[in-house]
Amino acid sequence: MRLSRRALCLSSLALGLTALAPAAIAQEFPLRVAHAYGETVIPARPQRVATVSWANHEVPLALGVVPVGMAAANFGDADGDGVLPWVKAALDDLGAEVPRLYDEGDGIDFEAVAATQPDVILAAYSGLSRQDYDTLSMIAPVVAFPEGPWATGWRDMIRLNAAGMGMAEEGAALIGRIEGEIAATRAAHPEFEGKTAMFVTHLSPTDLSRISFYTDNDPRVRFFHDLGLKSPAFIAETAESGAFAGEISAERIDLLDDVDLLVTYGGEDLRAGLAENALTAHLPAVAKGGLVLLGNDAMGTAANPTPLSLPWVLNDYAAQLSAALAGAE
């Protein structure tokens, strides 16, 4: 029943947004969208919307628009078809086939994007270089990230991509709906308030000499804040540089003593490695059970929140965090 319930949630969202369509038609063109690389002018309402990089295609899909091309999923894709389950549910809900997929394992496939003949290219959440942006701009107007690469939160991803489609009002409504779901989940978990959480990037059980982590500039960490959790002081300080990730040596592991929840990607071998390592074994989050291990699956993928994955995994993810926090107390 879980799948059908979530599909029903997506269906209700689409119906609610359909009612807003007249407001979008009333918006005036040309539109101007400001971003880190300047300002993009979109001369007329886009009929063919292409997206590049991670999850940007979820914005048009959530707003009832099927892109003509999008990046294939390269993480969490259990069946290997390049489409994550919440994206497949949205396509099914819209009665649409899977759009053209391009492999971005070696970077943007400019020829594949050009072949879709887009009127606009959405990339509000991406790591586009200036050269990438300039090359894509020769194909169609491009909506790039607002500040730094891979640092765009899901709200701004929706806000900018929706604006690039001429659907700013629908985008605002979508943000409001998702915020309502998050608020309800946060209210259901008062135990999160004031607790500290840290999201560690991939660790190797055989090499724990350095610990890499995401900062407050990364959407994974900002999602913690949405739920009422906060970052340890040293992570917030690292974020001031503008970086979305940082790193410390294991010798400085005492900086993690105030971390209640430690979230990372890995399996039980990593849990065992952390418990056996002379330094990491004494971390409160490891010693007391406040460790959350995410896999290459839907949960691990959706921990980096996106417009369609949030409704799909929100309650399950919060429950997992809550269980770990209870174990650490």
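Remarks
- Test: residue in segment 59-66 that is in contact with a strand residue (DSSP E or B) (Cβ under 7 Å, 6 or more places away or on another chain), under 24 Å from PRO146 (Cα atoms), surrounded by fewer than 24 Cβ atoms within 10 Å (Cβ to Cβ) and of a type in the set (A, V, I, L, M, F, W, C): yes
- Count of segment 304-329 residues which are in a helix (DSSP H, G or I), within 30 Å of LEU61 (Cα to Cα) and of a type outside the set (A, V, I, L, M): 7
- Remark: pairs (first residue in segment 67-96, within 18 Å of VAL313 (Cα to Cα); second residue among the aromatic types (Phe, Trp, Tyr) and buried (at least 17 other Cβ atoms within 10 Å of the Cβ); Cβ separation under 8 Å; 6+ apart in sequence or on different chains) = PRO85/TRP312; TRP86/TRP312; ALA89/TRP312.
- Scanning segment 249-271 for residues that are in a helix (DSSP H, G or I), of a type outside the set (D, E, K, R) and either over 16 Å from GLY289 (Cβ atoms) or free of Cβ contacts under 8 Å to residues at least 60 places away in the same chain (or both) yields ALA250, ILE253, LEU255, LEU256.
- Segment 105-124, subset among the charged types (D, E, K, R) and crowded, with 17+ Cβ neighbours inside 10 Å, residue farthest from GLY300 (Cα to Cα): ASP119
- Considering residues of segment 97-128 that are over 23 Å from the mean Cα position of the chain (by Cα) and assigned to a loop (DSSP other than H, G, I, E, B) only, the residue farthest from PRO43 (Cα to Cα): GLU97
- Looking only at residues of segment 199-246 that are in a loop (DSSP other than H, G, I, E, B) and acidic (Asp, Glu), we find that the one that is nearest to the chain's Cα centre (by Cα) is ASP218.
Just so you know, all these numbers are worked out from the coordinates, no wet-lab data involved. Remember, predicted model here, so these are calculated numbers, not experimental data. When we count neighbours, we look across all protein chains shown, and the Cβ atoms used for this are built from the backbone with ideal geometry, even at glycine.
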